[in-house]
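As structure tokens, the structure follows; a few thoughts come after it.
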Amino acid sequence: MSRRITLPRSKRIVSSRRRLFEELEQRYLLAATPITQDESSALQGTVSAIGSLGNRLENFAAFNQSLPLMSGSIGTQVDIGGAFADIIVNPVTSVLAGSNSTEEEITRRVNSVIGNLANASGSITPTINASLISYTVDAQYKRTFDVDIDLSKYLPQGSLSITQPLAAELELTFDFNVTFGIDRTAPSASDGAFVSFNDSITENRVTASLNFDPNFVPLTANLGILGITLDNPSASVDLVVGFDTISTKASPTQLLTSNLSSIMQVTTPGAPQNDFQLQLDIGTDVPGIDPGGANLTISDDYLFDTVGPKSSVDFGDLNGFRALTPTGLLSVLRQTTETLGGFNAFDVEIPFTGGKRLSGTVDVADAFANEVISLVTNGDEEGQPGFTTLKQFVDAVADRVDFQVPAGGPAE
């Protein structure tokens, strides 16, 4: 007599799930369409050619140029070859080289890869029938870089003294819409293999943006003797570099061996695109001085001509400080002392003092020299100023005098 064995409930559930998984997998394989060996080889060669094209594009035409803010070329910084490899070449090649080489698996794998890439978005759409097998990848790939902008290299000599770089984040965005596949009406799969890029410049292009830390710390600089700050940076980088195949379609062989100028075109539209502008507000570290809308602007009307960026500085109400130096200010103070010493207004008789005069009781010139000039003179170098900025001067005499800068700064 046979003996019936009853599995524990937990093991029955596991066994049931395994059978269900195997059944679903079998149904998927039956519903999927295997790719023939000839088409698999042709598709592998096609996506490999796309990867090679990406690497070649990085050093082609406008992609080989750099922006005022970056050290490398646009193409290498955005990593065109890397974008094609991550989103197309690697996932498609892994499917075609594996045991589950089906038309449907290519779609699933590429969409999965795009979904898992933090710096990418998009999708792949198949078109499969008796005369055609093709896949259209519409994707966006982003890269960000920390950049330090040396503002001093763009300024006219002697306008401002800036030693700190401007820290920013440069974001490059690579949009591409490419279709690859096989024309099944061709004599062979390799003969029918093709690559085609969308004709619209909005579908195949590189763009850029420049961003700043929301907790931006103002830069310090000098305008003559006046310490200033550069704050509230804002920038627009209207970069547009488009690309496309000259013909509607290109073969993998063309992408690998042809001169790029014969198969690819790169476009850089003119105004109002491909310009750059950076602006910072100018403030001051001395209380009571109104900068009156002073600002610094660096701009480039067209990023792809031979003319470099230009700068303009609106000094606003700070213009009077441009030519003022520590030595010059100290010289003015000494002249003031001499003027006070010979000022007739102090040579007046004091009532009820028996003829005493104000100039004989109070030596205004001497008081000014002791209470102001001595405090801002270098004790180690006779006659030299003991300050380098107006703020240092104000701080030095603040306890002895009530110091106020007149509106508009010093007289010019």
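The values are calculated or read from the model by the stated rules, or taken from the named source; none is laboratory data. Predicted, not measured: the structure shown is a model, and the values here were computed from it. Here the Cβ positions follow ideal geometry from the backbone for every residue, glycine too, while neighbour counts run over all protein chains shown.
Criterion applied to I246, I182 was being under 23 Å from G122 (Cα atoms), in the same structural domain as D138 (by TED's automatic domain parsing) and among the hydrophobic types (A, V, I, L, M, F, W, C), and the one residue passing it is I182. Sort out which residues of region 140-165 are more than 11 Å from the chain's Cα centre (by Cα) and assigned to a strand (DSSP E or B), and write them in order of number. The answer is Q140, Y141, K142, S161, I162.
Could you identify the single residue in T267, T306, T245 that is modelled with pLDDT under 90 and at negative phi?
T306
Pick out the one residue from D79, D86 that is assigned by TED's automatic domain parsing to the domain that holds I298, more than 17 Å from S123 (Cα to Cα) and of a type in the set (D, E). Of D79, D86, the one residue that is assigned by TED's automatic domain parsing to the domain that holds I298, more than 17 Å from S123 (Cα to Cα) and of a type in the set (D, E) is D79. When the criteria are applied in full, T173 fails the requirement of being of a type in the set (V, I, T) and in a loop (DSSP other than H, G, I, E, B). Taking residues in region 186-213 that are part of a helix (DSSP H, G or I), and partners anywhere that are surrounded by fewer than 22 Cβ atoms within 10 Å (Cβ to Cβ), the pairs with Cβ atoms closer than 6 Å and at least 6 places apart or on different chains are A189/D38; G192/D183; G192/A186. All of T93, T125 fail the test of being more than 29 Å from the chain's Cα centre (by Cα), loosely packed, with under 15 Cβ neighbours inside 10 Å, closer than 24 Å to D175 by Cα and free of Cβ contacts under 8 Å to residues at least 60 places away in the same chain, apart from T125. Here are the criteria: (1) assigned to a helix (DSSP H, G or I); (2) more than 31 Å from the chain's Cα centre (by Cα); (3) crowded, with 18+ Cβ neighbours inside 10 Å. Tell me which single one R108 does not satisfy. All conditions are met except number (3).
Against the condition of a type in the set (A, V, I, L, M), under 20 Å from N274 (Cα atoms), touching a helix residue (DSSP H, G or I) at 6+ places or on another chain (Cβ under 6 Å) and crowded, with 18+ Cβ neighbours inside 10 Å, how does I74 come out, does it pass? So I74 fits the description; yes. Applying the set (1) within 28 Å of G270 (Cα to Cα); (2) touching a Phe, Trp or Tyr at 6+ places or on another chain (Cβ under 7 Å); (3) among the charged types (D, E, K, R) to D183 leaves exactly one unmet item: (1).
Among the criteria (1) surrounded by fewer than 20 Cβ atoms within 10 Å (Cβ to Cβ); (2) modelled with pLDDT of 95 or more, the one V14 does not fulfil is (2).
For beta carbons closer than 6 Å, sequence separation of 6+ or different chains, a first residue in region 252-266 that is under 16 Å from V178 (Cα atoms) and a second that is surrounded by 13 or more Cβ atoms within 10 Å (Cβ to Cβ) and charged (D, E, K, R), the qualifying pairs are Q265/D244. Considered as a group, the residues in region 44-71 that are among the hydroxyl-bearing types (S, T, Y) and not in a loop (DSSP other than H, G, I, E, B) include one that is farthest from Q277 (Cα to Cα), and that residue is T46.
Evaluated against (1) within 29 Å of L303 (Cβ to Cβ); (2) of a type in the set (S, T, Y); (3) out of contact with any strand residue (DSSP E or B) (no Cβ under 8 Å at 6 or more places or on another chain), T268 falls short on exactly one condition, (3).
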